[in-house]
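Working notes, structure below.
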Amino acid sequence: MYGSVTPDIIDELKSIVGEKHVSTSLVDRLVCSRDLWFPMLFKTLKGELWPTADVVVWPGSAEEVSEVLKLANKRRVPVVTLGGGAGVCGGLSPIRGGIVMDIKRMCKVLELDEESLTVVVQAGLIGMELEEYLNRKGYTLGHYPLSIYASTIGGFLACRSAGVLSNKYGKIEDMVIALRVVLPTGEIIETKRVPRRATGPDLMQLFVGSEGILGVITEAALRIHPYPEKRIFTSYRFKDLHAGLEAVRNIFRRGVRPAIVRLYDERDTKITLGSLGLPAEGCLLILSFEGTEKLVDAEAEVADEVCRQWGGEQLGDLPAKHWWKHRHDQYWNLPHLLKGFMIVDTIEVSAPWDRLERLYWEVKRALEGQGVIPMAHFSHFYLDGGSIYFTFVKPREPKTPINDAYWRIWSAAMEACIRVGGSISHHHGVGLVRSPWMEKEHGKSFEIIRALKKVLDPNNILNPGKLGMVGWSEVRRVF
Ligand SMILES: Cc1cc2nc3c(=O)[nH]c(=O)nc-3n(C[C@H](O)[C@H](O)[C@H](O)COP(=O)(O)OP(=O)(O)OC[C@H]3O[C@@H](n4cnc5c(N)ncnc54)[C@H](O)[C@@H]3O)c2cc1C
């Protein structure tokens, strides 16, 4: 049983973070109690309400976060951490009410070490603000998720995010060196800032991807890179997906690491090339290379050789440059799209090379079986496999309740993924939307996540219910 947010708790919160950093206004509670998960967007457009916190607080330091958590733990009040609110999985929905703790006041760059190439930041800093700061100094983090203007460093870490240049720079878990975290009981812990160590399991990584259920990330040390001397773009057309995937697999086997690799399936190619007035056939691959000039030229040359071996037709730099320039545009269309269709959503999954193509076909068939129009691109690759990003729309169907249709689609896709042996998420995370499949995803090892949650958060106050900690009935209560 949770305690409610009583007036004396509000007074205590005010004394911790200052009166103007506490709000019980309905507008603040609504705005800070949702992310960009489809049901939240749908409810917003329909004028329906969603689960809402009782109070919003804006702490200014790890010490204030700690005091808020000590109070919440003592009074058994749930706390949800809010970063940018651009998650797409319902991860910050306060399904048990309580406190939303928005950490965006904690947004400073604390230290830039130009010798070791590291930067230390507060977790509430928006991704693009850090990138622009680094660019002015001649560096880059190399982390460019498409939510870079709206998400925080803490949110990237909490969700194990992947940027569009990840093939070269890695994902957020490759960039982080050390963390400062406030535990649910209020203790502040710091991990050591060294490039690597062999002193037991990596406790820092425990919090990367923990989606706010094990602790609140307040500070991070991250690896940075010199700003690239040169960035080039190129594009190819392949006769089908198989040829395109083989080209990418072999580019990686040759040791080349393009920054951007996006291979579109046939439907996505039709739309992408068609909009540029180019023949809309086959499967489009766009690549970019960046870094030291000589290395960039050499990488582009090897990639070109491999693409030609797999029948790739050079399309020049236009499709790739056009995508780079307009990569955020589609999101401004989202409200319009949502009005035109019943459901608009995305699902990203991953698999090793030997199952990647099968995963694509199985998930695509599963989606189509639900009357959905899917299209997909493959954009994060490894020597051992890659990820697939499905975007889908379900045309209007007035007789079917939208939530029933929504969960049937998700169930079909998740079950298909599990059947093939893929992972149900490559980078968006779990939140509420994937919670019902966490046991199937992890098998017996899911017990370890449960046990960790119990040890670190004995009163289950921190973001209760997320990351697979609730089942179907709770998820369906929200949508
Ligand atoms: C248009 C659009 C494009 C996107 N593109 C990408 C993409 O290219 N790559 C990608 O990986 N994702 C992408 N996403 C998904 C999303 O932006 C990421 O998951 C991002 O990491 C969320 O960060 P945030 O600050 O917005 O987190 P929020 O939405 O505020 O929170 C997400 C979860 O993390 C927890 N959390 C947030 N901050 C902390 C903290 N400091 N400590 C502990 N827990 C915390 C929250 O409680 C919640 O559970 C996209 C989303 C949108 C809407």
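For first residues located in the stretch 208-225 and within 13 Å of Pro464 (Cβ to Cβ), partners that are within 9 Å of the ligand (Cβ to nearest atom) and among the aliphatic types (A, V, I, L, M) and lie 6+ apart or on another chain with Cβ distances below 6 Å form the pairs Glu211/Ala158; Glu211/Leu467; Gly212/Ala158; Ile213/Leu462; Ile213/Leu467.
In the stretch 55-75, the count of residues that are in a helix (DSSP H, G or I), touching a Ser or Thr at 6+ places or on another chain (Cβ under 7 Å), within 30 Å of His336 (Cβ to Cβ) and not assigned by TED's automatic domain parsing to the domain that holds Lys339 is zero.
Residues of the stretch 274-312 that are over 15 Å from Val261 (Cα atoms), touching a helix residue (DSSP H, G or I) at 6+ places or on another chain (Cβ under 9 Å) and either aliphatic (A, V, I, L, M) or touching a residue at least 60 places away in the same chain (Cβ under 8 Å) (or both): Leu276, Leu278, Ala280, Gly291, Gln309, Trp310, Gly311. Taking the criterion of being under 15 Å from Met1 (Cα atoms), more than 20 Å from the chain's Cα centre (by Cα) and not polar (S, T, N, Q), the residues of the stretch 456-469 that qualify are Asp457, Pro458, Ile461. Restricting Ile95, Ile126, Ile103 to those that are under 26 Å from Asp345 (Cβ atoms), among the β-branched types (Val, Ile, Thr) and either touching a Ser or Thr at 6+ places or on another chain (Cβ under 7 Å) or more than 14 Å from the ligand (Cβ to nearest atom) (or both) reduces the list to Ile126. Got a number for residues in the stretch 336-351 being closer than 15 Å to Leu45 by Cα, among the aliphatic types (A, V, I, L, M) and not in a loop (DSSP other than H, G, I, E, B)? Going through the stretch 336-351 one residue at a time, the tally reaches 4. Restricting Thr185, Thr191 to residues that are without any contact (Cβ under 8 Å) to a residue 24 or more places away in the chain and hydroxyl-bearing (Ser, Thr, Tyr) narrows the list to Thr191. Within the option set Glu439, Glu397, being part of a helix (DSSP H, G or I) and either under 26 Å from Gly97 (Cα atoms) or at pLDDT below 95 (or both) holds for one residue only, Glu439. Of the residues making up the stretch 108-123, those that are within 16 Å of the ligand (Cβ to nearest atom) and in contact (Cβ under 8 Å) with a residue 40 or more places away in the chain are Leu110, Val120, Val121, Gln122, Ala123.
Screening Gly468 with (1) crowded, with 18+ Cβ neighbours inside 10 Å; (2) at negative phi; (3) within 16 Å of the ligand (Cβ to nearest atom) gives one miss only, at (2).
In the stretch 1-17, how many are free of Cβ contacts under 8 Å to residues at least 12 places away in the same chain and within 18 Å of Glu64 (Cα to Cα)? Adding up the residues that qualify gives 4.
Tell me, please, whether a residue that is part of a helix (DSSP H, G or I), within 28 Å of Leu278 (Cβ to Cβ), within 16 Å of the ligand (Cβ to nearest atom) and modelled with pLDDT of 95 or more can be found in the stretch 301-323. Yes, some residue in the stretch 301-323 is part of a helix (DSSP H, G or I), within 28 Å of Leu278 (Cβ to Cβ), within 16 Å of the ligand (Cβ to nearest atom) and modelled with pLDDT of 95 or more.
Right, Ala178: in contact with a strand residue (DSSP E or B) (Cβ under 8 Å, 6 or more places away or on another chain) and either aromatic (Phe, Trp, Tyr) or within 8 Å of the ligand (Cβ to nearest atom) (or both) or not? No: the conditions fail for Ala178.
Among the residues of the stretch 262-317, those identified as hydroxyl-bearing (Ser, Thr, Tyr) and touching a Pro at 6+ places or on another chain (Cβ under 7 Å) are Thr272, Ser288.
The values are calculated or read from the model by the stated rules, or taken from the named source; none is laboratory data. It should be emphasised that the depicted structure is a prediction, and the values quoted were computed from it without experimental measurement. We place every Cβ from the backbone using ideal geometry, glycine too, and count neighbours over all the protein chains shown.
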